[in-house]
Amino acid sequence: MTTSHISSSFTSSRILPVRRLRPVPRRSRVLTVQAKIREIFMPALSSTMTEGKIVSWTKSEGDRLSKGESVVVVESDKADMDVESFHDGILAAIVVSEGESAPVGAAIAFLAETEEEVSMAKAKAESTSSGGGTAAPSGGSATAVETDGKVASTPTVAAPTPAVTAVAEGPKKIVATPQAKKLAKQHKVDISKVVGTGPYGRITPEDIEAAAGIQSKKPTPAPVAQAAAAPAKPATAATASASLPPPLPGSSVVPFTTMQGAVSKNMMESLSVPTFRVGYPVTTDALDALYAKLKPKGVTMTVLLAKAAAMALAQHPIVNASCKDGKSFSYNSSINIAIAVAMDGGLITPVLQDADKSDLYLLSEKWKELVKKARAKQLSPNEYNSGTFTLSNLGMFGVDRFDAILPPGQGAIMAVGASKPTVSADKDGFFSVKNKMLVNVTADHRIIYGADLAAFLETFAKIVENPDSLTL
């Protein structure tokens, strides 16, 4: 029975047919080699930088570059920085020469991959110059210095150049406003033959009307009234510039440097913040004695004051806070003391980071390094734009009191005057002479109130008058 069972099971089983898979013929793809011409953009070297000035090109046209190699020195609003190449290639064409400026994101040079592409890069550079430059890319232009210039996939605005050059180089993208395209279709105008007069060669409705021989309808009474009302600010600016008195005979007009322009911009921004000022006299006899002991070890009075301010801020975090949007404020987790340093043709504020947690000697060494880099305009962005509280010390120049302007993005700034002998009376009516300095603090009244600032200054005065805690 076992045998018959096995036999019947074999005879009842079915053999499934096997389907042969025929190989699918591969589609042949034609590999096309596209030229790699990369645009070197003006980088954003700081959060406040809107344009940069070319200090010097470390490479010349025709030089071969390696990835990571310095190609140009750019002057930002705070420092001079080397800009490195992100790719290997040949510096084919320089668009922005030494001493000239360009907005962040604008093309300043072109990089070719091979010798054969150098001429193409030069032609692209010439068309960029004649067409008013390349549009600055939005978004990630702060970190990317170079982008690929492939013909098929480049996001840069190289398309408007056909509106300037008359030589056709194949199919080109028409850049026109929607209204211009509608008018072109309505009046049967070949839009590809119209030269755009808008930004970067964009074709406007006026260009279509001119090509169709139609008089523009804009000069009607209502639009004129609107147009006259809209540019109120430019008209005011023009009136203000026209009302300026002419320069005096023999005088010369000196344009702002990049740093001076940045300082001017920051000062104008600070005018929009409601501030108030509080002054406080501080006895400095004990601090002067401590400074005399520590000075041979490289400790400066500025560092002592910065350390004292940081320790006081740790007890009053609201004075270390900041309000940037006018709707909320933030408590800063770090106490970073920015200290104003005068430079030839400008002002910069190197930052002592975590000043409340570092000892005096480490702070002094760090401060010397920062000042040296600031004089050489070699500070990195994090070394001058990360401050949460600013200290300005003019006491070293004999200034007894002054007010400081609040930097944008910070809650308060302290102005320290000179320490001078002052006659004072104690509670028993006895007179004595003590060294005192006047400290004025300017604060953002949206987040810091009078009582907050008074309490902070009282703590600061106690630390200065009993400075043993500064050396701990």
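The values are calculated or read from the model by the stated rules, or taken from the named source; none is laboratory data. On a predicted model such as this, the values are computed, not experimentally measured, just so you know. Accessible surface areas use protein heavy atoms only, side chains included; no ligands, DNA or RNA. Shrake-Rupley method; radii C 1.70, N 1.55, O 1.52, S 1.80 Å.
List of remarks:
- Looking at segment 38-129, the accessible area is 40 square angstrom per residue; that uses a 1.4 Å probe and ignores ligands, DNA and RNA.
- Across segment 360-377, rounded Karplus estimates of 3J(HN,Hα) from the backbone phi angles (6.51 cos²θ - 1.76 cosθ + 1.60, θ = phi - 60°) give 4, 6, 5, 5, 5, 5, 5, 5, 4, 5, 5, 5, 4, 5, 5, 5, 8, 6 Hz, Gly and Pro being marked x.
- Entries in Lys297/Lys434; Lys297/Lys368; Lys265/Lys372; Lys295/Lys366 that, when Cα-Cα distance is taken, lie over 19 Å: Lys297/Lys434; Lys265/Lys372
- Interchain or long-range residues, amide H under 5 Å from Leu379's placed H: Asp80
- Three-way shape call for segment 273-470 based on the alpha-carbon gyration tensor, with the a/c threshold at 1.5: oblate
- Each Cα pair under 8 Å and six or more residues apart adds its sequence gap; the mean of these over the residue count of segment 38-129 is a relative contact order of 32 percent.
- Whole-Å distance, taken between Cα centres, linking segment 416-431 and segment 260-324: 22 Å
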